[in-house]
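Submitted below is the structure of interest, expressed as structure tokens.
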Amino acid sequence: MKDSMAVVMMETILKKRERHPDEELTLADVKQRASEVARSIFFSTIIIITAYMPLFAFEHVEAKLFTPMAYTVGYALVGALITSLLLTPALSFMAYHKPRKLYHNRWLEKLTHWYHRHINNLMEKSRAVVAVLLIILAGSVALSITVGKDFLPPLDEGSVWVQVQLPSGISIEKSKKMADDLRHVLKSFDETSYVMTQLGRDDEGAECFSLSHVEAGVGLKPYNTWKSGRTKAELVQAMADSIAKMPGYQVGFSQPIIDMVMDQIAGTHSDLAIKIYSDDIAESRRVAEQVVAAISDIEGATDVAIDQEPPTPQLQISVDRASIAQYGLNVADVTELIELAIGGRAISQIYVGSKVYDVTCRYAERYRNTPEQIGSLTLTNEAGVKIPLSAVADIKMVLGSSTIMREMASRYTLVRVNLRGADLSTFVAEADKRIAQQVKYDPETTHLHWAGQFENRNRAFNRLGLVVPLALVVMFILLIFAFGKVRQAGLLMFVVPLALFGGMAALNVRGMTLNVSSAVGFIALVGVAIQNGVIMISHINNLRLRGRDLRKAVVDGATHRMRPVLLTASVAVLGLFPASISTGIGSDVQRPLATVIVYGLLFATIVTLFILPTLYYMVERRAEKREAAKQVTLTDDQSLAK
């Protein structure tokens, strides 16, 4: 993209040398040739920079990934513009000012003659071109509907992060034993280099995990050393199948970085999450269980679970104030006994050097191990009467939430979902349909909200939906300034959607999705397609200004610009093709972008070389006929006036 302006400038000057190989190329010749394309080069570069403006509207993760690219491309294009307008003419003069025998590429010359003949024939087949145009437009619409939609392609970090939920309320010894068993199972896979587990929450207390939660980091050996021949996705599935045979383990697979990112921006450790907001904890738990049952068997759904510990047994002591008053006690007496006997209370301190240790008093476990034993604890009133705690309080075991999650002053329960082999939009659409049919809840008190990657996708594409039309309007205005005619600017903007056909077809054929990465590729593709169109139409307009008739100007102008258009496309395609097929670590984000540009540019080149000149001829021929009719009418009116 950035070398195309220099290619056009060099090609224009080289044409002069090829036509007069025995004459010396003067500075005046170079200035004249450079001035012919300077305007089109300037406006096409500004248009490409404008095409990248939507990237500056990104937020959060997508901004971190693609805003540096927008800055880099913008600065590079400004440098390329200066180079092509100032440096390239000077270097071309130094290289070609002396007469010399030039090398002629026979294959390229044959291709030029073939193109000249066929583009001339297309001028007579406008209806066929329009029919093909309509088919391409219909195909573009159909492909844009059938392609899957995602936020970003999964970025392979070269490792695996496993979130494990053990049975709620288990002891620390049992948790350690189950974590050890998990580590041994994961390490048994030959592809793993290490397995590290961490039990419970960290020292900072940033997470609300209990002892029944385990996080496992799994390091992987280099992919080219794997003897099994399976992919990372197949390895993860094999791990999931092995853990599924172990009772008491509920797992979710992710990667270290994306797990941390999703936790920070969405409060979930999965690709996708459903947040059920309700002040009634029991009701939100019931709805969450129904949601899990409804979406678990949707194609692509994995690791579907409620991302909170289930209710755990809790000791509930309800004070009977009437009984307390009857016995001459108060509530403080009861709470003091509970604190001292069950929770423990510091009653003194021991000094060891400069260190201070609390002396804590608490009843022996055999006196507080069951509700009945706790009920036997005694209180003493002012009369010295011993009163059992069960006489003034209701003591029982109940199930209660061990954690309560809040967001924006509202309680919510989280259902996590990871996707494998399904795109985001298709899954969410099917999940919404299932939830509407199978999950019953009161929308007045309970509401559901999608979070995670789906929320990110909506945010990113909503921003693009606002900014891209504005960028297109700016590009349209720039085209009007470049051509001086609204109809030619409108023609080029009308042809732009045709260039998207190749990119959409490539995404469908390769099983990729329309995500932020591929959307950036389409943005770049639109800029390049408009640039090539500006170069083509500007040259045709210049030939018409020199006195050539419309058809000859179109055929000759398209033929003259075939070589720079092909060269520009070839350089971009060859440069990005390795990225479009790369499978190494870090290539996941760039692969959709490169795929869209490579295959979209191949089709956009065909559109620029064949469809654009033909449509230009059709539009301008009608304009000439209307102008001629106006002239005839004006002449007749003048004759009648005389």
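Matching residues to (1) at pLDDT 80 or above; (2) over 29 Å from SER517 (Cβ atoms):
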{"residue": "GLU173", "(1), (2)": "yes, yes"}
{"residue": "HIS184", "(1), (2)": "yes, yes"}
{"residue": "VAL195", "(1), (2)": "yes, yes"}
{"residue": "ASP203", "(1), (2)": "no, yes"}
{"residue": "VAL218", "(1), (2)": "yes, no"}
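Let me ask another. Out of the residues in the range 242-266 that are in contact with a strand residue (DSSP E or B) (Cβ under 7 Å, 6 or more places away or on another chain) and more than 21 Å from GLY158 (Cα to Cα), which is least open to solvent (accessible area, probe 1.4 Å)?
Step by step, filter the range 242-266, then rank; the result is ALA266.
Continuing with this model, one more query. Got at least one residue in the range 84-103 being under 34 Å from the mean Cα position of the chain (by Cα) and over 30 Å from ASP303 (Cα atoms)?
No: the range 84-103 contains no residue that is under 34 Å from the mean Cα position of the chain (by Cα) and over 30 Å from ASP303 (Cα atoms).
Output the residues belonging to the range 593-602 that are open to solvent by less than 40 Å² (accessible area, probe 1.4 Å) and either β-branched (Val, Ile, Thr) or more than 15 Å from MET69 (Cα to Cα) (or both).
Listed by number, the residues that qualify are THR595, VAL596, ILE597, VAL598, GLY600, LEU601.
Assess whether ARG591 counts as being charged (D, E, K, R), at pLDDT 80 or above and more than 21 Å from ARG117 (Cα to Cα).
Judged against the criteria, ARG591 is a match.
Which of the strands (runs of 3 or more DSSP E) contained wholly in the range 380-439 include at least 3 residues that are in contact (Cβ under 8 Å) with a residue 60 or more places away in the chain?
The qualifying strands (runs of 3 or more DSSP E) are 393-400, 410-419.
Also: Given the conditions (1) open to solvent by 50 Å² or more (accessible area, probe 1.4 Å); (2) modelled with pLDDT under 80, and given that TYR71 satisfies all but one, which numbered condition is not satisfied?
Every listed condition holds for TYR71 apart from (2).
A further question follows. Test each condition in (1) without any contact (Cβ under 8 Å) to a residue 40 or more places away in the chain; (2) open to solvent by 50 Å² or more (accessible area, probe 1.4 Å); (3) more than 21 Å from PHE603 (Cβ to Cβ) for GLY575 and report the one that comes out false.
The single condition GLY575 does not satisfy is (3).
Looking at LEU464, LEU448 in this structure, which one is assigned to a strand (DSSP E or B), over 24 Å from LEU134 (Cβ atoms) and not charged (D, E, K, R)?
LEU448
Moving on. Filter the range 330-360 for residues that are part of a strand (DSSP E or B) and within 57 Å of the chain's Cα centre (by Cα) and give the result.
ARG345, ALA346, LYS355, VAL356, TYR357, ASP358, VAL359, THR360
State whether the residues of the range 604-611 include one that is in contact (Cβ under 8 Å) with a residue 60 or more places away in the chain, closer than 22 Å to THR513 by Cα and open to solvent by less than 40 Å² (accessible area, probe 1.4 Å).
Checked against the condition, which is being in contact (Cβ under 8 Å) with a residue 60 or more places away in the chain, closer than 22 Å to THR513 by Cα and open to solvent by less than 40 Å² (accessible area, probe 1.4 Å), the range 604-611 yields at least one hit.
Here's a follow-up. I need the full set of residues from the range 250-302 which are hydroxyl-bearing (Ser, Thr, Tyr) and in a loop (DSSP other than H, G, I, E, B), in order please.
Within the range 250-302, THR268, SER270, SER278, SER296 qualify.
The values are calculated or read from the model by the stated rules, or taken from the named source; none is laboratory data. What you are looking at is a predicted structure, and each value in this text was computed from that prediction instead of being measured. Cβ coordinates were reconstructed from backbone atoms using ideal geometry, including for glycine residues, and neighbour counts include every protein chain displayed. Ligands, DNA and RNA are excluded from the accessible area calculation, which covers all protein heavy atoms including side chains. Shrake-Rupley method; radii C 1.70, N 1.55, O 1.52, S 1.80 Å.
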